[in-house]
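Quick one: the structure is below, questions incoming.
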Amino acid sequence: MDQLLSQDVREIELSLIVPTFNERDNIVPLLEKIEAALYGIRWELIVVDDNSPDGTSNQVREIARRDRRIRAVQRIGRRGLSSAVVEGMLASSASVIGVIDADMQHDEAILPQLWKAVARGECDLAVGSRYVQDGGMGEWNQKRQSISRGATWLAGLVLKTQISDPMSGFFVVSRRAFEASLPRLSTIGFKILVDLVASAPQPLKVIEVPYEFRIRSFGESKLDSAVAWEYLVLLADKLFGHIIPVRFVLFVAVGGLGLLVHLASLGISLKILDLSFLLAQSVAVLIAMTFNFTVNNFFTYRDRRLTGLRFIYGLLSFYLVCLVGAVANVGVGIYIYDADITWLLAGVAGAIVGAVWNYAVSSVFTWRK
Ligand SMILES: Nc1nc2c(ncn2[C@@H]2O[C@H](COP(=O)(O)OP(=O)(O)OP(=O)(O)O)[C@@H](O)[C@H]2O)c(=O)[nH]1
Ligand SMILES: [Mg+2]
C-alpha cells in the first residue's frame with residue numbers, strides 16, 4: 001500500500017464523467033477544451049460509452065493509452081444516460097465529481113468555478129444553469145424551450161431543493177452527497193440531476209452558475225419521445241415508487257386497456273362475424289394478449305424493448321406466461337367462490353393473482369434484463 005501511495009502523492013481533485021453515444025468526432029475537441037479549462041486542477045476523466053456503433057470507445061481508448069487521466073467504460077447491451085453517469089461515478093475516485101456532455105454544448109469554462117464551490121465545501125452540488133441570470137438557452141427553438149420549461153416545472157413535484165435548471169446535465173457534486181443519494185436512485189432515463197436531488201436524504205445545498213447553452217457541432221441529438229416518456233416514469237418512480245413499482249402500475253393499466261380490447265373483439269366476433277362463443281372468446285384472448293404484449297413492449301419495457309426476431313420469441317413467451325396466469329386466475333377465483341365468499345371478491349382476487357403472476361414471470365422470461 002505504502003509503495004503504491006508513494007508513486008504519486010498528489011490526489012486527483014476532480015473526476016469528470018462524460019456519458020456518450022455516438023460522439024466519436026467530439027472526443028478530441030472536447031478533451032482539448034477540458035484540458036485548457038481545468039489547467040491547475042488535477043483531474044481524471046471517464047467516458048461511459050454505450051457501445052456506440054461509431055467507435056467512440058475505441059477513440060477514447062486510443063487517447064487513454066497515452067494519457068492516464070483518461071479512461072473508457074464501455075457498456076454492452078445497455079442504454080441510458082442516467083445509469084451511465086452513475087456507473088462512471090462509481091468507477092471514479094476523487095471526492096468531487098463532475099458531469100458534462102460530450103457534444104460541447106456545456107460551457108467547460110465554468111467548470112473550475114463549479115469545482116471550487118464544491119471542493120471548498122460551499123455547497124454539495126454546483127449546477128451549470130441556463131435559467132439563472134446571465135444563463136441562456138442558446139439557439140434552442142421555441143418548442144424545445146417550452147418543453148424544457150414544462151419539464152422543469154414538473155420536477156418541482158419531486159425535488160426537495162429548488163433548482164432553476166434541474167434538467168441540466170452539467171454539474172459538480174461531492175462524493176459524499178452522491179453516495180448519500182445512491183441507495184434511492186432510480187437511474188431511469190436521461191435526467192440524472194433530478195434523480196440525484198430527489199433521492200437525497202437531506203435537502204442539498206446547491207449553487208447555480210449561469211452559462212449559455214451552445215449548439216451541437218458534430219454528431220446527432222439522442223433526444224426523442226422516449227426521453228419524455230422516461231422522464232415521466234422517473235417522476236412517477238420518485239413520487240410513489242417506494243410504495244409500488246411503477247412498472248407494475250403501468251402493466252396493470254395496460255391490462256385494463258387489454259380488457260377493453262378483449263371485450264370489443266368478443267363483441268365484433270359474436271355480433272358481426274357471427275362466430276361461436278368458444279371461437280369468439282379464443283380469438284378475443286389472442287388479440288388481447290397480443291395487444292398487451294405490444295403496448296407493454298413499447299411503454300412499460302421501453303428500455304428493454306424487443307425487436308425483430310426477439311419480438312416474436314417474446315410474444316410467444318408472453319402467450320405462455322399469460323396462459324399459466326389465466327389458469328392461476330381461474331383457480332384462485334374458484335377456490336374463493338367455493339368458500340362461499342361473494343363472487344365479486346373471488347373475481348377480483350383471481351385477477352390480482354393473475355396480474356401479479358403475469359407481471360413477475362414476464363419480467364423474468366419475456367423482458368429479461
Ligand atoms: N452512455 C450514454 N450516453 C448517452 C445516451 N444518450 C445520450 N448520451 C450522451 O449524453 C449526452 C447528452 O445527450 P444529447 O443527445 O446531447 O442530449 P441533449 O444535449 O439534451 O440534446 P441536444 O441539444 O439535441 O444535443 C451526450 O454526450 C450523449 O452522447 C445513452 O443512452 N448512453
Ligand atoms: Mg447535447
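Could you list H262, H106, H242 so that the one with the fewest beta carbons within 10 Å of its beta carbon is first and the one with the most is last?
Ordered by Cβ neighbours within 10 Å, fewest first: H242, H262, H106.
I'd like the per residue volume of the convex hull spanned by the Cα atoms of the chain, given in cubic angstrom.
Given the Cα convex hull of the chain, per-residue volume reads 192 Å³.
State the answer as a single residue: which of L232, V321, V85 lies farthest towards the positive end of the charge dipole of the chain, with beta carbon charges of +1 for Lys and Arg and -1 for Asp and Glu, about the Cα centre.
Toward the positive end, the furthest listed residue is V321.
Also: Hey, with R₀ at 51 Å, roughly what FRET efficiency would D274 and R368 work out to, going by the Cβ-Cβ distance, to 0.05?
It comes to 0.75.
Within 10 Å of each residue's Cβ, count the other Cβ atoms and sort R144, R66 from fewest upward.
Going from least to most buried by this count: R66, R144.
Hey, for a label at N141 modelled as a point 7 Å past Cα toward Cβ, could you say which residues of the range 207-228 have their backbone N under 16 Å away?
It comes to 215-216, 221-225, nothing else.
Output the relative contact order of the range 262-309, whole-number percent, from Cα pairs under 8 angstrom with separation of 6+ residues.
Over the range 262-309, the number comes to 30 percent.
Once you put a point 7 Å from the Cα of L154 and another 7 Å from the Cα of A339, both along the Cβ direction, what distance in nm separates them?
So the two model labels end up 4.2 nm from each other.
Oh, and also: Report the relative contact order of the range 293-355, percent, no decimals, based on alpha-carbon pairs under 8 angstrom and at least 6 residues apart.
28 percent
Classify the range 119-212 as rounded, prolate or oblate, taking a ≥ b ≥ c as the square roots of the eigenvalues of its Cα gyration tensor: rounded when a/c is under 1.5, otherwise prolate if a/b is larger than b/c and oblate if not. Walk me through the numbers before you get to the answer.
Numbers: a/c = 2.20, a/b = 1.42, b/c = 1.55.
Oblate, since a/c reaches 1.5 and b/c is not below a/b.
Shifting gears a bit: In the chain, how many lysine pairs have Cα atoms under 14 Å apart, counting only pairs 8 or more places apart or on different chains?
Numbers: K160/K205; K160/K238; K191/K222; K191/K238.
Step by step, the pairs that qualify in the chain add up to 4.
Here is a further query. So, counting K/R as plus one and D/E as minus one, what does the shell of residues with Cβ under 12 Å around D165 add up to? Kindly include the intermediate steps, with their values, before the conclusion.
Working: positive: R130, R149, K191; negative: E208.
That works out to +2.
I would also like to ask the following. Along Cα→Cβ, 7 Å out, is where each label goes; now give me the distance between the ones at L182 and L90 in nm to one decimal.
0.8 nm
Which ordering of Y39, Y301, Y211 is given by a fewest-first count of other beta-carbon atoms within 10 Å? Could the numbers behind the result be given before it?
Numbers: Y39 8, Y301 20, Y211 27.
Ascending Cβ contact count within 10 Å gives the list Y39, Y301, Y211.
Taking the Cβ-Cβ separation of A360 and Q113 as r and a Förster radius of 51 Å, what is the calculated FRET efficiency to the nearest 0.05?
0.55
Given the range 246-365 reduced to its alpha-carbon atoms as identical point scatterers, what log10 I(q)/I(0) does the Debye formula return at q = 0.10, 0.13 Å⁻¹?
-0.33, -0.56
Give the shape of the range 160-234 as rounded, prolate or oblate, defined through the alpha-carbon gyration tensor: a ≥ b ≥ c are the square roots of its eigenvalues, a/c under 1.5 means rounded, and otherwise the shape is prolate if a/b is larger than b/c and oblate if not.
Since a/c reaches 1.5 but b/c is at least a/b, the shape of the range 160-234 is classed as oblate.
Something else now. Can you compute the modelled spin-label distance between T307 and V330, with each label point 7 Å from Cα toward Cβ, in nm?
3.8 nm
Also, quick follow-up: If one computes the Cα centroid of the range 194-236 and of the range 280-351, what distance in Å separates the two points?
Here the answer is 36 Å between Cα centres.
Related question: Report the extension gain between R78 and T290 in nm, rounded to one decimal, defined as 0.36 nm multiplied by the number of residues separating them, less their alpha carbon distance.
Once the chain is fully extended between R78 and T290, it gains 73.7 nm.
Right, another one. Would you mind checking which residues have amide H under 5 Å from S129's amide H? H placed 1.01 Å from N; only 5 or more apart, or other chain.
V209, Y211
Quick note: the coordinates plus some simple rules give every number you see, no bench work behind them. In this text, all values refer to a predicted model and were calculated from it rather than measured experimentally. For neighbour counting, all protein chains shown are included, and Cβ atoms are generated from backbone atoms with ideal geometry for every residue, glycine included.
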